Amino acid sequence: MDAYDVCIVGAGVVGCALARELTMRARDRSLRILVLEQHRGAGEETSSRNSGVLHGGIHEDPATLKGRLAQEGSRLAVSYAVERGIPLLRSGMVIAVTWKDIRSGLWRDITMLRRLWVNARRSRLPVSFVTARGLRRWEPHLQACGAIVIPSICVIDPTAWVSALKADAEAAGVTFAFEQRVVGIDPEDDGYMVTTDRKRIRTDGLINAAGLHADEVASFLSGKSSYTIRPLRGEYYEIVAPEKKGLIGRLIYPALPPGAAGKGIHFGPRPNGRLYIGPNEVAVRDKTDYTSNQTPPGQFITAVQRFLPSLEEGDLRWAYSGIRPSIMTDGGRKQDFIVAVAREAPPFVNLIGIESPGLSAAMGLARHVVNLPCVTGRWRLPAAAAPA
């Protein structure tokens, strides 16, 4: 039977970032680290089916884990992408208001724009307000009467990023085991017996970064479900009309009223030069349901045509969808990231509800988890430097 110091369940962007962070912090001693993944490769679920936006936390309360770790994680991700040559688009983010918004009453909810402004200032993100005239210099085809602009926001290639994190971890000695679905976890005196559908392994500590299935993995320890993930599907269409796919070059987000779900359907350019619109937000029962009852393109056109009136349904092609592992409050609102220590000794740490901005926060989350006293104490790891 194989034995390890640390077992990470899930080889998404967070699991791979955790494996890399552990090896970096354990340079003075050898840690046997195993990453278990039920799919054939790394990052095949939420980590690769997203917009690739490194948000910086502007849409989140800076006091929450989502806000704080998205800011730290985005900064780390940009530096890492530059260092490793990962495709990165320095597009900036525009949160725009149209005259139609004003006429429909968004001016009454101007507190939303003020909240974003305050969040950006508290997070030390450079931010400015631009009038319609200023916007036309940057985006001549965009129809808007004003916008908040955050120039530092970038778009990363998430698949290349996950591959680089995995390669770094493997180079440092981490073992990845694919097509290994965890079906049971049994506590022992000083560790855990982890059973997959193919084998059993023993580990001194366990980190649950299983994404959409993190609630199921958490229940193996207690024998009951302490968390319930509500899968939310986000769909994307690509602008494929040759004369229109180059009309927008930056991330263009709508200004939404307080309480709106998600961040809104937006224009999302990618490092490879392609342009998408999405995502929407659709509740699904099945965590693997990426294609049934696809939202028709007309709903996406309605959402973005006020910014680009020339866009038509025939200019779009269905691209893909992703599913976010959301945790909801009793009132139906999304919860903050949950980083919960189920057992101190031996350590068992659950990461639950790591949805948007989970991609942005991944490297910050890895530092946060490895900094937990039960983790640093167990394996005598040095603390990470405080974020700049």
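The values are calculated or read from the model by the stated rules, or taken from the named source; none is laboratory data. Note that the coordinates shown come from a computational prediction; the quantities given were computed from them, not determined experimentally. Positions of Cβ are generated from backbone atoms using ideal geometry, with glycine treated the same way; all protein chains shown enter the neighbour counts.
A compact table of results
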{"read-out": "Selected residue (criterion: farthest from N119 (Cα to Cα)) from residues of segment 133-152 that are part of a strand (DSSP E or B) and out of contact with any Ser or Thr (no Cβ under 8 Å at 6 or more places or on another chain)", "value": "A147"}
{"read-out": "Candidate set from segment 283-303 (those that are over 18 Å from H213 (Cα atoms) and among the aliphatic types (A, V, I, L, M)); member that is modelled with the lowest pLDDT", "value": "A303"}
{"read-out": "Selected residue [under 13 Å from the mean Cα position of the chain (by Cα), within 28 Å of W318 (Cα to Cα) and assigned to a loop (DSSP other than H, G, I, E, B)] from S91, S48", "value": "S48"}
{"read-out": "Segment 24-45, residues that are under 23 Å from the mean Cα position of the chain (by Cα) and modelled with pLDDT of 95 or more", "value": "L34, V35, L36, E37, Q38, H39, R40, G41, A42, G43, E44, E45"}
{"read-out": "Residues within segment 367-388 that are touching a Lys or Arg at 6+ places or on another chain (Cβ under 7 Å) and either surrounded by 15 or more Cβ atoms within 10 Å (Cβ to Cβ) or within 28 Å of K224 (Cβ to Cβ) (or both), tallied", "value": "3"}
{"read-out": "Selected residue (only one of A283, A383, A303, A340 is touching a strand residue (DSSP E or B) at 6+ places or on another chain (Cβ under 9 Å), among the small types (G, A, S) and more than 21 Å from S51 (Cα to Cα))", "value": "A340"}
{"read-out": "Test result for A132, over 30 Å from R27 (Cα atoms), surrounded by fewer than 21 Cβ atoms within 10 Å (Cβ to Cβ), of a type in the set (A, V, I, L, M, F, W, C) and in contact (Cβ under 8 Å) with a residue 12 or more places away in the chain", "value": "yes"}
{"read-out": "Filtered residues of segment 210-242 (kept if assigned to a loop (DSSP other than H, G, I, E, B) and either at pLDDT 95 or above or more than 21 Å from A342 (Cα to Cα) (or both))", "value": "A210, I229, V240, A241, P242"}
{"read-out": "F307, sole failed condition from (1) in a helix (DSSP H, G or I); (2) surrounded by 17 or more Cβ atoms within 10 Å (Cβ to Cβ)", "value": "(1)"}
{"read-out": "Any hit, segment 60-73, residues being surrounded by fewer than 20 Cβ atoms within 10 Å (Cβ to Cβ) and of a type in the set (G, A, S)", "value": "yes"}
{"read-out": "Segment 135-182 - residue that is within 30 Å of A210 (Cβ to Cβ) and among the polar types (S, T, N, Q) and, of those, surrounded by the most Cβ atoms within 10 Å (Cβ to Cβ)", "value": "Q180"}
{"read-out": "I301, sole failed condition from (1) in the same structural domain as E139 (by TED's automatic domain parsing); (2) in contact (Cβ under 8 Å) with a residue 24 or more places away in the chain", "value": "(2)"}
{"read-out": "Pick from segment 51-78, criterion in a loop (DSSP other than H, G, I, E, B) and under 10 Å from the mean Cα position of the chain (by Cα), ranking: nearest to V155 (Cα to Cα)", "value": "G52"}
{"read-out": "Scan of segment 128-144 for residues that are polar (S, T, N, Q) and under 28 Å from the mean Cα position of the chain (by Cα), ordered by number", "value": "S128"}
{"read-out": "Failed criterion for L34 (all others in (1) touching a residue at least 12 places away in the same chain (Cβ under 8 Å); (2) part of a helix (DSSP H, G or I) hold)", "value": "(2)"}
{"read-out": "Hits in segment 188-199 (condition: in contact (Cβ under 8 Å) with a residue 40 or more places away in the chain, under 14 Å from E37 (Cα atoms) and in a strand (DSSP E or B))", "value": "V194, T196"}
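Residues are listed down the side, and each one gets a yes or a no for (1) more than 29 Å from Y276 (Cα to Cα); (2) not assigned by TED's automatic domain parsing to the domain that holds V349:
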position: F129; (1), (2): no, yes
position: W138; (1), (2): no, yes
position: S163; (1), (2): no, no
position: E170; (1), (2): yes, no
position: T175; (1), (2): yes, no
position: E188; (1), (2): yes, no
position: G191; (1), (2): yes, no
position: G211; (1), (2): no, no
position: D215; (1), (2): yes, no
